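Undergrad: Got a structure for you, questions after.
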Amino acid sequence: MSASNKPIVVVIGNGMVGHKFCERLMAATSSFRIIVFGEEPRPAYDRVHLSEYFNGKSAHDLSLSMAGWFDEQDVELHIGDPVREIDRTAKLVHSRKGIVQSYDMLVLATGSGAFVPDISGIEKKGVFVYRTIEDLDLIREYAKGAHNAAVMGGGLLGLEAAKALLDLGISNPYVIEFASRLMPRQIDSAGSHILETRLKKLGLQILLNKSTLAVEGGESIRTLRFADDTSLDLDMLVISAGIRPRDELARLAGLQVGTRGGILVNEKMQTSDPHIYAIGECALACGMIYGLVAPGYEMADVVVSQLTEGNKSFTGFDMSTKLKLIGVDVASFGDAFVSEPDSRTIVFEDRHKGIYKRINITSDGTRLLGGILIGDAAAYNILLQTVNNRLPLPPDPEDLVLGSRGGAAAGAGVMDLPDEALICSCESVTKAAICTAVMEKGVESVEGMKKCTKAGTGCGGCVPLVKDLIAGTLKANGRYVRNVICEHFDQSRQELLDLIKLHDVRTYDEALGRWGKGDGCEVCKPAVASILASCWNDNIQKQPVIQDSNDRFLANIQKGGTYSVVPRIPGGEITPEKLIVLGKVAKKYNLYTKITGGQRIDLFGAHVGDLPDIWEELIDAGFESGHAYGKALRTVKSCVGSTWCRFGLHDSVSFAIEVEERYRGIRAPHKIKGGVSGCIRECAEAQSKDFGIIATEKGWNLYVCGNGGSKPQHAQLLATDIDSATVIRYLDRFLMFYIQTADPLTRTATWLNKMDGGMSYLKNVVVEDSLGMATQWEAEMQTLVNSYKCEWKEVVEDPALRQRFVHFVNAPRKKDPSVSFDNMRGQIKAKEW
Amino acid sequence: METNTTSYNNPGAIAGSTPNGSAPKWRFACQVEDIPSDGGACVSLNEEQIAIFNFSRRGQWYATENRCPHKQQMALSRGMTGSLGEQCEPKVACPFHKKTFSLVTGECLTGEDYKIRTYPVKIKDGKIYIGM
Ligand SMILES: Cc1cc2nc3c(=O)[nH]c(=O)nc-3n(C[C@H](O)[C@H](O)[C@H](O)COP(=O)(O)OP(=O)(O)OC[C@H]3O[C@@H](n4cnc5c(N)ncnc54)[C@H](O)[C@@H]3O)c2cc1C
Ligand code: SF4
Ligand code: SF4
Ligand code: FES
């Protein structure tokens, strides 16, 4: 079907749910043309994690789609152009910028806006809502001059906003709540009490039972007046008093709406006009507005199913939640409030530690109905499963909140869940689906499971359960093999990498705090440092103490305690001018020079304090770090190729330079070497490298997983006669696969030797894309490539970083007196040890 | 401002530094901020090279000689710190061959017969003093 006569689906609103709908519809079928109108000035972003905008995440980080996604998918997106009218008779929408677009099917995903109560003075300067990136920009700007600031509303979103006030450095932050407790929809008074105590410790002041009468002041807010005749002086107010569905467009078009707002839909998410659907926070489904993202995704799925002749329907959604509010775990699940005589309630409270747990069980003590967890919600997932699957309780149900006192864990384990237990509610994945993926498709990691079943790709809340299920299934089948990193982490490198990516962890301390124990060691610190570098490509100098000594000083430590300096010489090609610079620098700092096996020049014997000066001179002359100190790409060796050699088929030097410059600086489990030869004579010894590229009549042959070193191994053929662009694509995939799955300090050859299925499996993954990861890996690699910076340049230009390169911190100019050299063939040499 | 003194007198340190049992003499080494947190750096005191470690995860300070007894390299201050076992014995790993040493007793923890000297540390008003 050509684009012109495909039926047209118009989506109004490019928020979280509208975007998910486009993704799911594109994945399900290509028989529609999708046209999206969004009011906000940017494509959809992750509103759930909006607050992280104040913690260093950029709008770009929060974006839900990669640049170019809409073009690639052929989805037409009009941003900053809201629809202002729907003409249902002619089946047209009119946008503000004047676009008139016809539709066959229309999907309203207009979300909701902050509910702003009708209080006098509410329009004053300094009063904000908390919903979009633009709102946050305004708040950040205004907060610079504010000392006293409050959030109106102590619900889930209000407390998020309060955290933002803390992050913005407000000196007197308040939370004002109308009800007699915090989070009135999720938790009870006793729970609120514990939560208040913990929040107060963090500097938040909490005012309950406060009904606001007026916002007073001149042009800007100065005071808030309450019904009980008290008042509060404020510079700034953020309103978070609930949400109001954006149903104005639907009203205007004469669609049915609820008495308290929301676009009325049936179980197929159809509005009163069968050609128009409504999903997400604007929809009134099963008599309520669902203010969470998971039910919105479910609604999107329902509409996709309707459009593709499925018969999925929406029958309500579990609103159990678990969140970390300002560092405090808060969870509420099942029927959180039911009390005697309909049930028995068991409460555990530790005021000292700030922990509150309540569970409600049936009067006969056999089933769990729901509960509340504050301060420690580790048991949330399994308790929720116990409710949803009506699992039997242990003989002493209080064990569920007290934890088992000695012996095995109380209550049901993951493996006791019934097959149909819903593990991932965002993507509707059952326990059976997960176990089957492990048994029949050989999935052994969370990342693999995401690919295979999509479990864990939504809110991510089920990931711990998914992990336990994978481990449990493997164990039950006697396939329990795990290479834990060291005594401090119970994970393999791959598992830790998955976790770090998933939870967006940026520092070693955070990783150790979340998943480790003890104080770390020389094994896990550099392993985590390498993972962090592979994931985020931040300058490793930001966390110097977890780097191996070589990475800490960006140079290789040598016998005698001096360092070596190895600038990058891509492909081994160097101009006479640069050679002269190397000679001059070596002479000036009295360095030993040697040509390395990787076609570059190594300068040995540098004092730690001289390193920044040496590099400054080299960088001025156009050199950059060679990463000889890092577990990273070393060199791509090349033969001279067709430019000079009479046998040469292609320009091997140019290609080697291109490849070396592409992957320079990228951190990996171990060092990586490459080679490019201009013909089958193989002068560059490419088949002894982690990747080797050899020219053929028709293109290039690509070899991978070769190794020199103590156990030499030839690289094996991955693909034949491919063009340069394909070489790069395959290399991207191959390297990302290696970086994400190899154990620490494992070269590609060993990694392949341990791989189930060996080379044919690797070929399937890289060439045939059997895991469906190719696009993601290529994109991830491109991100790493784009974020490359020369680490030495950053050090040289930063006086604070430079300062670290001293031997004695109390005598920065003094060199290590224990360093001394012998002479050999007219150069220095390290003293024997 | 009130003065703020904390001493880190681990038993091994006193024994190691004052074999005759006399009280250590405190020498000013450097400022607190000269030592990276959860890492080490070297100072020159009395013509000796002393490695100082800021074990900030546990709020502890340690000092040892900078020389690794394995190949006599002045390198321990550049080593990585960490802990061993359930007891969380604080340790440092030499960057050369990764032999590890207890920061409390100076004992080699990787099964060899080496020992390094350790020293008591005192922090006062943001300044670090080593007992020698
Ligand atoms: C600070 C904050 C924290 C949150 N935390 C959580 C959480 O922890 N867990 C959770 O499950 N949920 C959370 N939520 C709620 C979650 O973000 C929403 O449930 C989700 O975004 C709803 O998606 P949506 O697409 O329905 O609405 P939205 O994401 O609001 O998208 C609607 C879009 O439609 C646009 N629009 C409106 N009218 C028009 C028009 N006429 N033409 C074109 N475009 C239009 C809007 O500008 C908007 O961009 C949080 C929300 C906020 C604000
Ligand atoms: S590999 Fe071929 S092209 Fe390259 S130098 Fe050797 S003979 Fe020449
Ligand atoms: S082969 Fe051995 S001695 Fe030679 S450079 Fe490598 S590690 Fe050092
Ligand atoms: S010199 Fe210290 S371990 Fe080798």
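The values are calculated or read from the model by the stated rules, or taken from the named source; none is laboratory data. Because the structure is predicted, anything quoted here is derived from the model rather than measured. Quick reminder, even Gly has a Cβ in these numbers, built from the backbone with ideal geometry, and neighbours come from all protein chains shown.
Undergrad: What's the number of the condition residue A:259 fails, among (1) exposed (fewer than 14 other Cβ atoms within 10 Å of the Cβ); (2) among the hydroxyl-bearing types (Ser, Thr, Tyr); (3) farther than 30 Å from residue A:110 by Cα?
TA: For residue A:259, the failing item is (3).
Undergrad: Further, regarding this structure: Looking for something small (Gly, Ala, Ser) and within 29 Å of residue B:74 (Cα to Cα) - is there at least one such residue anywhere in region A:637-645?
TA: No, every residue in region A:637-645 fails to be small (Gly, Ala, Ser) and within 29 Å of residue B:74 (Cα to Cα).
Undergrad: Would you pick out the residues in region B:42-53 that are buried (at least 24 other Cβ atoms within 10 Å of the Cβ) and facing chain A (nearest Cβ under 9 Å)?
TA: If the condition is that a residue be buried (at least 24 other Cβ atoms within 10 Å of the Cβ) and facing chain A (nearest Cβ under 9 Å), then B:42, B:43, B:52 are the ones that fit.
Undergrad: Within region A:520-559, how many residues turn out to be facing chain B (nearest Cβ under 7 Å) and of a type outside the set (D, E, K, R)?
TA: Residues in region A:520-559 being facing chain B (nearest Cβ under 7 Å) and of a type outside the set (D, E, K, R): 6 in total.
Undergrad: What residue, among those in region A:123-152 that are in a strand (DSSP E or B), aliphatic (A, V, I, L, M) and out of contact with any helix residue (DSSP H, G or I) (no Cβ under 6 Å at 6 or more places or on another chain), is nearest to residue A:212 (Cα to Cα)?
TA: It comes out as A:152.
Undergrad: Of all residues being more than 7 Å from chain A (Cβ to nearest Cβ) and free of Cβ contacts under 8 Å to residues at least 40 places away in the same chain in region B:59-76, which is nearest to ligand 1 (Cβ to nearest atom)? Just the residue, please.
TA: Restricting to residues being more than 7 Å from chain A (Cβ to nearest Cβ) and free of Cβ contacts under 8 Å to residues at least 40 places away in the same chain, the top hit is B:59.
Undergrad: Okay, next question. Got a sec? Which helices (runs of 4 or more DSSP H) wholly within region A:726-809 have at least 3 residues that are farther than 30 Å from residue B:73 by Cα?
TA: A:748-754, A:758-766, A:774-786
Undergrad: Please count how many residues of region A:372-385 are part of a helix (DSSP H, G or I), modelled with pLDDT of 85 or more and surrounded by 24 or more Cβ atoms within 10 Å (Cβ to Cβ).
TA: Total meeting the criteria: 2.
Undergrad: Restricting to region B:73-125, name every residue that is among the polar types (S, T, N, Q) and at pLDDT below 90.
TA: Correct list: B:87, B:110.
Undergrad: Determine which member of the set A:296, A:291, A:316 is within 12 Å of ligand 1 (Cβ to nearest atom) and part of a loop (DSSP other than H, G, I, E, B).
TA: Only one candidate passes the filter, namely A:291.
Undergrad: I've got another one for you. If you go through region B:118-128 one residue at a time, do you hit one that is out of contact with any strand residue (DSSP E or B) (no Cβ under 7 Å at 6 or more places or on another chain) and more than 16 Å from ligand 2 (Cβ to nearest atom)?
TA: yes
Undergrad: Now for a separate question. Can you tell me which residue is farthest from residue A:114 (Cα to Cα) among those in region A:245-271 that are free of Cβ contacts under 8 Å to residues at least 60 places away in the same chain and of a type in the set (Gly, Ala, Ser)?
TA: So the residue we want is A:258.
Undergrad: Mind listing just one residue for me: the one in region A:424-464 that is polar (S, T, N, Q) and part of a helix (DSSP H, G or I) and, of those, surrounded by the fewest Cβ atoms within 10 Å (Cβ to Cβ)?
TA: That would be A:436.
Undergrad: For region A:361-383, does any single residue satisfy the condition of being in contact with a Ser or Thr (Cβ under 7 Å, 6 or more places away or on another chain) and hydroxyl-bearing (Ser, Thr, Tyr)?
TA: Yes - at least one qualifying residue is present in region A:361-383.
Undergrad: Find all pairs meeting these conditions: Cβ atoms under 7 angstrom apart; at least six residues apart or on different chains; first residue within region A:534-563 and touching a residue at least 24 places away in the same chain (Cβ under 8 Å); second residue acidic (Asp, Glu).
TA: A:539/A:791; A:539/A:794; A:540/A:551; A:540/A:791; A:541/A:791; A:541/A:794; A:554/A:791; A:561/A:816
Undergrad: Considering each of B:85, B:106, B:131, B:79 in turn, give the residue that is buried (at least 20 other Cβ atoms within 10 Å of the Cβ), within 11 Å of chain A (Cβ to nearest Cβ) and small (Gly, Ala, Ser).
TA: B:79
Undergrad: Still on this structure: Quick check, is residue A:143 touching a Leu at 6+ places or on another chain (Cβ under 6 Å), within 14 Å of ligand 1 (Cβ to nearest atom) and of a type outside the set (S, T, N, Q)?
TA: no
Undergrad: Follow-up question, since we're still on this one. Which of the residues belonging to region A:351-362 are modelled with pLDDT of 85 or more and either assigned by TED's automatic domain parsing to the domain that holds residue A:197 or not aromatic (Phe, Trp, Tyr) (or both)?
TA: Within region A:351-362, A:355, A:357, A:358, A:359, A:360, A:361, A:362 meet the criteria.
Undergrad: Tell me, please, whether a residue that is under 21 Å from residue A:819 (Cβ atoms), under 13 Å from the mean Cα position of the chain (by Cα) and away from ligand 1 (no atom under 16 Å from the Cβ) can be found in region B:80-91.
TA: No, that holds for no residue.
Undergrad: Can you find a residue that is part of a loop (DSSP other than H, G, I, E, B), on the phi < 0 side of the Ramachandran plot and within 13 Å of another protein chain (Cβ to nearest Cβ) anywhere in region A:509-517?
TA: Yes, there is a match, as at least one residue in region A:509-517 is part of a loop (DSSP other than H, G, I, E, B), on the phi < 0 side of the Ramachandran plot and within 13 Å of another protein chain (Cβ to nearest Cβ).
Undergrad: Same structure again: Sort through A:368, A:307, A:323, A:384 and tell me the only one that's away from ligand 4 (no atom under 16 Å from the Cβ), hydrophobic (A, V, I, L, M, F, W, C) and without any contact (Cβ under 8 Å) to a residue 60 or more places away in the chain.
TA: A:368
Undergrad: Right, something else. Do we find that residue B:77 is assigned to a helix (DSSP H, G or I), away from ligand 2 (no atom under 16 Å from the Cβ) and out of contact with any His (no Cβ under 7 Å at 6 or more places or on another chain) in this structure?
TA: Against the criterion (assigned to a helix (DSSP H, G or I), away from ligand 2 (no atom under 16 Å from the Cβ) and out of contact with any His (no Cβ under 7 Å at 6 or more places or on another chain)), residue B:77 qualifies.
Undergrad: Among A:640, A:581, A:608, which is the only one that is within 16 Å of ligand 2 (Cβ to nearest atom) and either surrounded by fewer than 23 Cβ atoms within 10 Å (Cβ to Cβ) or within 14 Å of chain B (Cβ to nearest Cβ) (or both)?
TA: A:640
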